[in-house]
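Structure, as structure tokens:
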Amino acid sequence: QVLLVESGGQLVQAGGSLRLSCAASARTFRNDAMGWFRQAPGKEREFVAGCTWTFFNPAYGDSVKGRFTISRDNAKNTVYLQMNSLKPEDTAVYFCAGSTVLSIRPSDYHYWGQGTQVTVSS
């Protein structure tokens, strides 16, 4: 079983930037598609960004296109989410997850991290 540990979440002012990291415990991570999701209180889990293990054609949710960038370093078993021009509506718990296919649906992902809190103040 692959374990994921997210880090990098914190309180930041609107317009600021953060980089989230997701470290995987197993080499098998290198063959999987990875996704970032977020969930705000009272809302459904939302797809933020995702990429295949070859980093072909990364995908982004409409609300973050042009502001967020996903990347991965397979040698370090780590996926990153660079978040720029943050807005208060980006406030949520951010999760990374792994799957055999790149998908925007949370149900398609087989393993998840515990999440990291991002809070954007206005």
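The values are calculated or read from the model by the stated rules, or taken from the named source; none is laboratory data. The model shown is predicted, which means the values in this text are computed figures rather than measured ones. Ideal geometry is used to build each Cβ from the backbone, glycine not excepted, and the neighbour counts take in all protein chains shown. When the accessible area is computed, the model is the full protein with side chains, heavy atoms only, and any ligands, DNA or RNA have been set aside. Shrake-Rupley method; radii C 1.70, N 1.55, O 1.52, S 1.80 Å.
Only one of these is touching a residue at least 60 places away in the same chain (Cβ under 8 Å) and in contact with a strand residue (DSSP E or B) (Cβ under 6 Å, 6 or more places away or on another chain): Gln82, Gln114. Name it. If you could, list the steps in order and put the result at the bottom.
Numbers: Gln114 fails: in contact with a strand residue (DSSP E or B) (Cβ under 6 Å, 6 or more places away or on another chain).
So the residue among Gln82, Gln114 that is touching a residue at least 60 places away in the same chain (Cβ under 8 Å) and in contact with a strand residue (DSSP E or B) (Cβ under 6 Å, 6 or more places away or on another chain) is Gln82.
Residue count for region 30-63 under the criterion of being in contact with an Asp or Glu (Cβ under 7 Å, 6 or more places away or on another chain) and of a type in the set (Lys, Arg): the result is 1. Can you find a residue that is part of a helix (DSSP H, G or I) and crowded, with 22+ Cβ neighbours inside 10 Å anywhere in region 66-89? So far as region 66-89 goes, no, none of its residues is part of a helix (DSSP H, G or I) and crowded, with 22+ Cβ neighbours inside 10 Å. Filtering region 98-111 to residues that are in contact with a helix residue (DSSP H, G or I) (Cβ under 7 Å, 6 or more places away or on another chain) and either closer than 17 Å to Val64 by Cα or not β-branched (Val, Ile, Thr) (or both) leaves Gly98, Ser99.
Report whether or not Lys87 is basic (Lys, Arg), farther than 17 Å from Phe37 by Cβ and at pLDDT below 95. Break it down into steps so the answer makes sense when it comes.
Numbers: basic (Lys, Arg): yes; farther than 17 Å from Phe37 by Cβ: yes; at pLDDT below 95: no.
Here the answer is no, as Lys87 does not meet what is asked.
Summed over region 90-121, residues that are surrounded by fewer than 18 Cβ atoms within 10 Å (Cβ to Cβ), at pLDDT below 95 and among the hydroxyl-bearing types (Ser, Thr, Tyr) total 2. Selection of first residues in region 53-74 that are within 13 Å of Ile104 (Cα to Cα) and of second residues that are in a strand (DSSP E or B), restricted to Cβ pairs under 6 Å at least 6 apart or on distinct chains, gives the following pairs, ordered by first then second residue: Pro58/Cys51; Pro58/Ile70; Ala59/Gly50; Tyr60/Ala49; Gly61/Phe47; Gly61/Val48.
Looking only at residues in region 19-50 that are assigned to a strand (DSSP E or B) and open to solvent by 10 Å² or more (accessible area, probe 1.4 Å), the one that is farthest from Thr119 (Cα to Cα) is Ala24.
Which of the residues spanning region 1-13 are hydrophobic (A, V, I, L, M, F, W, C) and either in contact with a Lys or Arg (Cβ under 6 Å, 6 or more places away or on another chain) or open to solvent by 50 Å² or more (accessible area, probe 1.4 Å) (or both)? Full working, then the answer.
Residues of region 1-13 that are hydrophobic (A, V, I, L, M, F, W, C), as a first pass: 2-5, 11-12.
Passing the criteria: Leu3, Val5, Leu11.
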